[in-house]
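*Asks:* Provided herewith is a single structure, encoded as C-alpha cells, for subsequent inquiry.
The values are calculated or read from the model by the stated rules, or taken from the named source; none is laboratory data. None of the values given here were measured: they were computed from a predicted structure. All Cβ positions, even for glycine, are placed from backbone atoms using ideal geometry, and neighbour counts span all protein chains on display. In case anyone asks, the SASA skips ligands and DNA or RNA and just uses the protein heavy atoms, side chains included. Shrake-Rupley method; radii C 1.70, N 1.55, O 1.52, S 1.80 Å.
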Amino acid sequence: MHSTRSTTGAAVDHDDSTPIIVGVGRLTRKSPQVDASDLTTTEPIEIMTQAVQDAVRDTCVSDNVILDIDTIATVKMLMEESVPASLRPLFKNPPKSVGAAIGAKNTSTYFETTTGGQAPQMAINELCERIANGHSNAAILCGCECLSSFARGMRRMRSTTVKGNTHSGQRERTRVVSKEKLAEGTQTGEFSWGDDPGGRPVQLGYSMKYPLLDKSGFLHGIATPTTVYALFEQAIRRRRGATVDDHLRDISSLFSGFSHVAAAHPRDSWFPTAYTADELATVTAANRAVTWPGYPKRLNAIMKVDQAAAVVLCSVRWARAHGIPPDKWVYLHGCADIYDVPTLMRRDLDKSPGMAVASAKAFAMARKLSPVGSSLNMDHMQHLDVYSCFPSAVQVARAAMGIKEHRGTRLTVTGGLPYHGGPGNNYVLHSVAAMVQRLREHPGDYGFVTANGGFLTKHSVGIYSTTPIVSRWRRDSPEEYQAPQLRKQEIEGFVIASNPTGRAKIDAYTVEHDAVRGARRVVYIGTLVQPATEAGKRFAAVNSDPQVVQHMLQNDYMLKDLFGSVHPSGTSKRRINVFIPDGIAATDATIASRL
C-alpha cells in the first residue's frame, strides 16, 4: 500500500497493483489530394509505432521504459476484411511487429482484440484486470485503421505475391501494382503491406453465442451498418411520433454539436468542419442520401481515414518505480462488457438492454472504488464520449444509460465518427486518449466513455478520473451478468421466421441509395401476421421494384401501419424474402432484375 494525494489534497491509500493509464498518443495523418495512380500510403505498423512513441513520451519519462513493457495488444484492423480471403491476414502478428519497431525487447505477451467498435474499451478493461491480478506490470494498447491509404493503393490495382523483407521477418507479402505497370513488367509504384515476425497473438475479448453476420443478413441489407442504423432510426422516430423532416432536423442538430467539437481539434480530426443542422440535413451533391428515410452522407460514420492511437497502462507500483508523475495518472473506476441478441430477435429496435446493463454494472463497480461512494451516478460525469457512428446509436445510448445531456457539444470529447473520423474498430481508443487528456486538464472530474460494436450489439463502458480509487481494483466477470441478460432477451425477443410466407406488418424500413443509381431498394424488418402458425415471427425482406421504391419514398409508414405480403423468391442458393405493400402490384421478375 502507499499514499497518493487526491484532488482535495487528502492522502488516499490504495493497493500498488491498482491499474492506471499513464500515457496516451493519437495521430491523424491526412493524405494529400491525389489522383488514382498515386500510391502514397500510410502503413499500419508505422503509424501505430508513431502513436505508441507519442504515448510513451506522454509519460514524461525516458523512452527506456519500453524495455520494461511486458504486454502489447493491438486492436484488430477492419481493413483485413477487405483483403481477399486467400491472403488474410496480411498482418500475422501486429503487436509483435509494433514491439520490434519500438524496441520492446522484453515483451513476452502479445494480444489482438476481436472485431468491433467496443474492442478498445473492452481491451482496456481486460488489461487493467490483468494488471490488478498481477499477470502484467505494464502494457501498451494501440490500434489503427489506414482504410484511406488502403483504398488509394487498391484503386485500379491488382494483387500478386512476391518474396521480400517485411517487418521483423520475411514472408510472402501482397504487392499491388497498377495494371499498366504490371503489364510493362516493372515494379514501379509498389504498394506492399504485411508482416510475419513469428507466432500469432492471443485473442483478447469474448466470443458471442450468435454470429454477428450471416448469409441472410447480407442478402437483405441487415449486415450493412448504414442500413441497419437507419432502420433503428426509424424505430426511434416511430416511438417519438415525429415526421421525417422534424426528426431529421433534430438529429442533425444533435450531430452539428459533434462536428463543432471535431472542428475545435483540427490536428486530430479528419473532417474538422463545423456544420450547421441545415447543412447536415439538406441533401446535396456533396451530402447525398445514403438511406431515406434515414441519413444523408454527413450523418454517417466515415471509416476511410488514416488514424492511430495508443495508451500505456501499468500498475501504480510500476509507475512509481519509473518516476511517472502522479498528475499523469488516470484511474479506471468502473467498467463493463456485454452483448445483445441479433437485430431481428430484439423486441424493440430502438432499445438496447445490454447498454443499460453495462452502464449499471460500471456504476456499481465505480461506487465501490470511488471516494464519492454509493451516490455516484451519471450526474457526476462531467465529460462524456458517447459512441456516435450514427445518430441512432447516440439516442439509444442516452435512453439506455440515463444520460440527460442532449447537446452534441457535451456528448463527445472527440468529435464523433462522421467528423473526427471513424477508424474502424479503433475509434474508442481515440475517445479514451481524448478523455485522459481532458481529465488531466480538469483534475477530480469524472469521464464516461461508451463503445459499441456490430449493430448496437457489443457494448463496453469505462468510467475514468484522476481521483485515486479507495479500495482494491476488482471487476465482476462479464460472464456473470451476460448469461442472465442474454436469456432474458431470448425469452422476450422474436423468433426469426426461416421461410416467411404470408401476411405481414412492417416494424421499420428504409430505402437504400447509392451514388450512381440513387434510390435502389427498400429494406424492411417486419412481423408475420398470418398464417396463425407463423404469426409473431420476425423477418427481413427487400423490394427493388421501382414503383415500390417510389411508393415508400412518398409515404411515411412509421406514423401509420404498413401491411402487405411477404414470400421467398429466387433459388435455394440465393433465396431472398420479398415484401410487397398492400395495393402495389410488383412482380418477382421486376424485383429480381434489380437486386
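*Asks:* Please give the number of the condition G416 fails out of (1) under 30 Å from M552 (Cβ atoms); (2) surrounded by fewer than 24 Cβ atoms within 10 Å (Cβ to Cβ); (3) in contact (Cβ under 8 Å) with a residue 24 or more places away in the chain.
*Replies:* (2)
*Asks:* Pull up the stretch 455-478, narrow it to residues that are out of contact with any strand residue (DSSP E or B) (no Cβ under 9 Å at 6 or more places or on another chain) and in contact (Cβ under 8 Å) with a residue 40 or more places away in the chain, then point me to the one that is surrounded by the most Cβ atoms within 10 Å (Cβ to Cβ).
*Replies:* Ranking the candidates gives L456 first.
*Asks:* Which of (1) farther than 19 Å from T291 by Cα; (2) surrounded by 23 or more Cβ atoms within 10 Å (Cβ to Cβ) does D545 not meet, given it meets every other one?
*Replies:* (1)
*Asks:* Which is touching a residue at least 12 places away in the same chain (Cβ under 8 Å) and more than 30 Å from C60 (Cα to Cα), of D306, D337?
*Replies:* Matching residue, one of D306, D337: D337.
*Asks:* Same structure, new question: Condition check: acidic (D, E) and outside any strand (DSSP E or B). Does E512 satisfy that?
*Replies:* Considered against the rule, which asks whether it is acidic (D, E) and outside any strand (DSSP E or B), E512 comes out as no.
*Asks:* Scan the stretch 302-342 for residues that are under 30 Å from M79 (Cβ atoms) and open to solvent by 10 Å² or more (accessible area, probe 1.4 Å) and report the count.
*Replies:* Of the residues in that region, 5 qualify.
*Asks:* Being closer than 30 Å to T527 by Cβ, surrounded by fewer than 24 Cβ atoms within 10 Å (Cβ to Cβ) and either in contact with a helix residue (DSSP H, G or I) (Cβ under 6 Å, 6 or more places away or on another chain) or in contact (Cβ under 8 Å) with a residue 12 or more places away in the chain (or both) is the requirement here; does N377 meet it?
*Replies:* No; evaluated as a whole, the condition is false for this residue.
*Asks:* Could you check Q550 against (1) more than 20 Å from G241 (Cα to Cα); (2) part of a loop (DSSP other than H, G, I, E, B); (3) open to solvent by 50 Å² or more (accessible area, probe 1.4 Å) and say which number it fails?
*Replies:* Single failed check for Q550: (2).
*Asks:* Within the stretch 419-444, can you find the residues that are surrounded by fewer than 18 Cβ atoms within 10 Å (Cβ to Cβ), on the phi < 0 side of the Ramachandran plot and not in a helix (DSSP H, G or I)?
*Replies:* Once the filter is applied, which keeps residues that are surrounded by fewer than 18 Cβ atoms within 10 Å (Cβ to Cβ), on the phi < 0 side of the Ramachandran plot and not in a helix (DSSP H, G or I), the stretch 419-444 yields H442, P443.
*Asks:* How many of the residues making up the stretch 88-122 are in a helix (DSSP H, G or I) and open to solvent by less than 40 Å² (accessible area, probe 1.4 Å)?
*Replies:* Number of matching residues: 10.
*Asks:* Quick check on this structure: which one of G354, G373, G408, G402 is of a type outside the set (A, V, I, L, M) and within 30 Å of K30 (Cα to Cα)?
*Replies:* Being of a type outside the set (A, V, I, L, M) and within 30 Å of K30 (Cα to Cα) holds for just one of G354, G373, G408, G402, which is G408.
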